Amino acid sequence: MAAGSTYVPLATNTLGSAATSIDFTSIISSYTDLILIVSGTVVTNGAGIFIQLNSDTASNYSFTYLSGNGTTAASGRRASQAYIGFNWNTGWSDTAQCNGIMHLQNYANTTTYKTTIARSNNANGSSLPGTETTAGLWRSTSAINAIKVYTAGGGNLASGFTATLYGIVAA
Amino acid sequence: MANTYTLIASSTAGSGGVANIDFTSIPATYTDLNILLSARTNDASIYGAIKLQFNNSTTTYSGKEIYGSGTAAASYTRGVTDNGLYIGDVNGNTTTANSFSNFSIYIPNYTSSNYKSVSVDGVEENNATETYSRLLAGLWSSASAITSVKFSFTGATILEYSTAYLYGIKNS
């Protein structure tokens, strides 16, 4: 990728107060891939950060994780879920800043199921800290036009939580 | 909208190598930073730790790491290492010739008054035993905006052809 030729910000949202989710809607289809950057804290210590696509709440998602909590390395998978996790075996902190990076490949095609690669980082939380990567799958051939970012168990994203969506062009 | 993945600065070690790689006077006009580092040292060990400092700070770093060696996976808690944040190991002079370790370091909201959360992906390949793929979550517990980044290696020189590229990313 040539520097400066792509990586276009599509939308950004910084929460002024705690909220259940950040929603990106009406995502245009003119890019090749998407990158979603999230950072901040959560209200419930140890909660995970999840996404849903196109408001699909059915069990059409799955993901495989590789995680380390500072002591133990682990890997596992979750089939037929209602979300893809940035993380599963680690959590985000209610005090220490955390961050996540997710790549959504070939998001606008209407032929294949959609795949994601994500990283999640909590270096210093008091509950479920660690670093983690997940490979995700959404079993839908629909173009992705909406992304919901939220926490596990109906908890809130904390005030100051930021999510930004970038579009990547292949040519 | 404007393209926002912008090269801020780059560094290439010349003949004889360098003790440190420094990016200073980083402008506050971006949202996030991404650094791509490729490095090799003349350390006598196969691998050794490379550290990162923000604003020349020698304290308040912490980290959680997972790595795979080709035969096993392990996880460690990383604190302050040699006055900086340990981000991984780099190829020493006894590893396969011309092999460099590579890292991508992502720093969201580097100008905010919150503590700075860091994501590090790294590889140390050697076409032999002792090779590593590494993920690390880092935290610098400082409210200061990041204005400089330094990479250094204790007791060895960062060799010629090592490179670092600093990119700024804007969300608008």
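Could you pull out the residue among B:107, B:87 that is within 20 Å of residue A:101 (Cα to Cα), of a type in the set (A, V, I, L, M, F, W, C) and more than 11 Å from every other protein chain (Cβ to nearest Cβ)? Step by step, each of B:107, B:87 is checked, and only B:87 is within 20 Å of residue A:101 (Cα to Cα), of a type in the set (A, V, I, L, M, F, W, C) and more than 11 Å from every other protein chain (Cβ to nearest Cβ). Could you list all residues from the range A:144-159 that are modelled with pLDDT of 95 or more, crowded, with 18+ Cβ neighbours inside 10 Å, of a type outside the set (A, V, I, L, M, F, W, C) and farther than 30 Å from residue B:133 by Cα? Correct list: A:148, A:156. Being in contact with an Asp or Glu (Cβ under 9 Å, 6 or more places away or on another chain), over 16 Å from residue B:32 (Cβ atoms) and away from every other protein chain (no Cβ under 13 Å): is that true of residue B:126 here? So residue B:126 does not fit the description; no. Condition check for residue B:33 on (1) surrounded by fewer than 16 Cβ atoms within 10 Å (Cβ to Cβ); (2) in a strand (DSSP E or B); (3) aliphatic (A, V, I, L, M): one failure, at (1). Of the residues making up the range A:125-143, those that are buried (at least 23 other Cβ atoms within 10 Å of the Cβ) and within 14 Å of another protein chain (Cβ to nearest Cβ) are A:125, A:129, A:130, A:131, A:132, A:134.
Taken together, the residues in the range A:132-167 that are of a type in the set (Ser, Thr, Tyr) and more than 14 Å from the chain's Cα centre (by Cα) amount to 4. Filtering the range A:115-124 for residues that are closer than 22 Å to residue A:144 by Cβ, within 15 Å of the chain's Cα centre (by Cα) and among the aliphatic types (A, V, I, L, M) leaves a non-empty set.
Considering only the range B:68-98, state which residues are closer than 18 Å to residue B:38 by Cα and among the hydroxyl-bearing types (Ser, Thr, Tyr).
Listed by number, the residues that qualify are B:86, B:94, B:95, B:96.
Just one of the listed residues (B:67, B:76) is within 11 Å of chain A (Cβ to nearest Cβ) and crowded, with 19+ Cβ neighbours inside 10 Å, namely B:67. Just one of the listed residues (A:117, A:101) is outside any loop (DSSP other than H, G, I, E, B), out of contact with any Phe, Trp or Tyr (no Cβ under 9 Å at 6 or more places or on another chain) and within 19 Å of residue B:105 (Cβ to Cβ), and it is A:117.
It is to be established whether one or more residues within the range A:85-106 are within 14 Å of chain B (Cβ to nearest Cβ), among the hydroxyl-bearing types (Ser, Thr, Tyr) and in contact (Cβ under 8 Å) with a residue 60 or more places away in the chain. Looking through the range A:85-106, none of the residues is within 14 Å of chain B (Cβ to nearest Cβ), among the hydroxyl-bearing types (Ser, Thr, Tyr) and in contact (Cβ under 8 Å) with a residue 60 or more places away in the chain. Against the list (1) within 13 Å of chain A (Cβ to nearest Cβ); (2) farther than 30 Å from residue A:165 by Cβ; (3) more than 14 Å from the chain's Cα centre (by Cα), the condition residue B:5 fails is (2).
Answer yes or no as to whether residue A:75 is in a strand (DSSP E or B), within 14 Å of chain B (Cβ to nearest Cβ), under 30 Å from residue B:79 (Cα atoms) and not hydrophobic (A, V, I, L, M, F, W, C).
On the way: in a strand (DSSP E or B): yes; within 14 Å of chain B (Cβ to nearest Cβ): yes; under 30 Å from residue B:79 (Cα atoms): yes; not hydrophobic (A, V, I, L, M, F, W, C): yes.
In short, yes.
Candidates are the residues of the range B:129-141 that are among the polar types (S, T, N, Q) and away from chain A (no Cβ under 11 Å); the one that is farthest from residue B:53 (Cα to Cα) is B:129.
Checking each residue in the range A:16-33 for being of a type outside the set (S, T, N, Q), within 14 Å of another protein chain (Cβ to nearest Cβ) and either surrounded by fewer than 16 Cβ atoms within 10 Å (Cβ to Cβ) or touching a strand residue (DSSP E or B) at 6+ places or on another chain (Cβ under 6 Å) (or both) picks out A:22, A:24, A:28, A:31, A:33. Among the residues of the range A:39-64, those identified as over 13 Å from the mean Cα position of the chain (by Cα), part of a loop (DSSP other than H, G, I, E, B) and not hydrophobic (A, V, I, L, M, F, W, C) are A:41, A:44, A:45, A:46, A:54, A:55, A:56, A:57, A:59, A:60. Screening the candidates A:67, A:80 for the property of being among the hydroxyl-bearing types (Ser, Thr, Tyr), in a strand (DSSP E or B) and within 9 Å of chain B (Cβ to nearest Cβ) yields one hit, A:67. Please go through the range B:120-152 and give me each residue that is assigned to a strand (DSSP E or B), surrounded by fewer than 18 Cβ atoms within 10 Å (Cβ to Cβ) and of a type in the set (Val, Ile, Thr), ordered by number. Matches in the range B:120-152: B:123 only.
Could you say which residue among A:118, A:108 is in contact with a strand residue (DSSP E or B) (Cβ under 7 Å, 6 or more places away or on another chain), at negative phi and small (Gly, Ala, Ser)? First the steps, then the outcome.
Values: A:108 fails: in contact with a strand residue (DSSP E or B) (Cβ under 7 Å, 6 or more places away or on another chain).
Sole residue among the options that is in contact with a strand residue (DSSP E or B) (Cβ under 7 Å, 6 or more places away or on another chain), at negative phi and small (Gly, Ala, Ser): A:118.
The values are calculated or read from the model by the stated rules, or taken from the named source; none is laboratory data. These figures come from a predicted structure and were not determined experimentally. Virtual Cβ from ideal backbone geometry, glycine too; neighbours counted across all protein chains shown.
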